[in-house]
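The values are calculated or read from the model by the stated rules, or taken from the named source; none is laboratory data. Bear in mind that the values here come from a model prediction, so they are computed numbers and not experimental data. Cβ placement follows ideal geometry from the backbone for every residue including glycine, while neighbour counts extend to all protein chains displayed.
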Amino acid sequence: MDIIYQEYFNYYLELERDFFATESYITIDRDNYMAFSMQYNRIFQSICSEIDCLFKELCGQVDASIKVKNIENYRKVVQANFKYFNTETVFFNKSRIQLQPWKDWNENEAPVWWTKYNKIKHRRMDIDGETQKQYYKFANLENILNALAALYIVEQYYIYSFDFKKVFELTETMELNPRLIEEKNEECKAGALLKNQSKECNMKQWHDAGCYMGFLGQDFFEINKLNSLMNCRDLK
């Protein structure tokens, strides 16, 4: 079954492969955060453009009545529906770097890496007043890592919010039994979240809460644990 979320995640994996291919030249390490290049510029622009596209899908999934056009519109919808979105952490397995790319997203400002993306996109040769650097030099390792982590969070939330009732075929019994419909929806959601994971990083809070489980060589996704995590979690 071809489902729209799968197409988005497949593209995420392509962007991720492009980025990690650069590790042959620049090691993914905090000591290299300021390293920049034309290749990084291309990847950075592509990742952030995809964030823009996927946010529209996510917002439409949770509230189709609202028209969204920019990151402030996205913020209002996302934060109204997912109270822990800003605190999500992505852990990169090999480098052991962990990031909260949406932590500083509020009514007055976008995350720093998103602001730099827009500066690079529209004014790449201009000089940043604070650092006296041309904006294209902010297409660096630190900003790309944050952007990739940010996109991964949006991908996982989009799958989590996806309404599978629209795509799986309901039997006559299920049509008469709302409980069975919801059970099937949760089963499909768990399967999608299990299948659409990165091998390079993970959702740290989800991982720590035991949402990803293995038993006798089989992998499972505990959707009930994630539902609980979405409603209540320790932010310390």
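For Phe55, state whether it is touching a helix residue (DSSP H, G or I) at 6+ places or on another chain (Cβ under 7 Å), closer than 20 Å to Gln100 by Cα and in a helix (DSSP H, G or I). Here the answer is yes, as Phe55 does meet what is asked.
Just to be sure before I move on: is Gln61 modelled with pLDDT under 95, in a helix (DSSP H, G or I) and in contact with a Ser or Thr (Cβ under 9 Å, 6 or more places away or on another chain) in the structure I sent? Steps first, please.
Values: modelled with pLDDT under 95: yes; in a helix (DSSP H, G or I): yes; in contact with a Ser or Thr (Cβ under 9 Å, 6 or more places away or on another chain): yes.
Spelling it out, Gln61 is indeed modelled with pLDDT under 95, in a helix (DSSP H, G or I) and in contact with a Ser or Thr (Cβ under 9 Å, 6 or more places away or on another chain).
Summed over the stretch 227-236, residues that are in a loop (DSSP other than H, G, I, E, B) and either among the aromatic types (Phe, Trp, Tyr) or free of Cβ contacts under 8 Å to residues at least 60 places away in the same chain (or both) total 3.
Checking the condition polar (S, T, N, Q), modelled with pLDDT of 95 or more, under 23 Å from Glu16 (Cα atoms) and under 14 Å from the mean Cα position of the chain (by Cα), which residue from Thr115, Thr89 passes?
Working: Thr115 fails: under 14 Å from the mean Cα position of the chain (by Cα).
Residue meeting the stated conditions: Thr89.
When Tyr11 is tested against the conditions (1) touching a residue at least 60 places away in the same chain (Cβ under 8 Å); (2) within 14 Å of the chain's Cα centre (by Cα), the lone failure is (1). If you go through the stretch 193-209 and keep only what is surrounded by 18 or more Cβ atoms within 10 Å (Cβ to Cβ) and touching a helix residue (DSSP H, G or I) at 6+ places or on another chain (Cβ under 7 Å), you end up with Leu193, Asn196, Ser198, Glu200, Cys201, Met203, Gln205, Trp206.
In the set (1) modelled with pLDDT of 95 or more; (2) over 17 Å from the mean Cα position of the chain (by Cα), the condition left unmet by Lys103 is number (2). Say whether the condition of being part of a loop (DSSP other than H, G, I, E, B) and touching a helix residue (DSSP H, G or I) at 6+ places or on another chain (Cβ under 7 Å) is met by at least one residue in the stretch 4-25. No, every residue in the stretch 4-25 fails to be part of a loop (DSSP other than H, G, I, E, B) and touching a helix residue (DSSP H, G or I) at 6+ places or on another chain (Cβ under 7 Å). Tell me which residues, restricted to the stretch 37-51, are polar (S, T, N, Q) and in contact (Cβ under 8 Å) with a residue 60 or more places away in the chain. Within the stretch 37-51, Ser37, Asn41, Gln45 qualify. Checked against the criterion of being in contact (Cβ under 8 Å) with a residue 40 or more places away in the chain, under 24 Å from Gln205 (Cβ atoms) and touching a helix residue (DSSP H, G or I) at 6+ places or on another chain (Cβ under 7 Å), the stretch 114-123 contains one or more residues that satisfy it.
How many residues does the stretch 194-226 contain that are within 19 Å of Thr87 (Cα to Cα), in contact (Cβ under 8 Å) with a residue 24 or more places away in the chain and not charged (D, E, K, R)? Of the residues in that region, 8 qualify.
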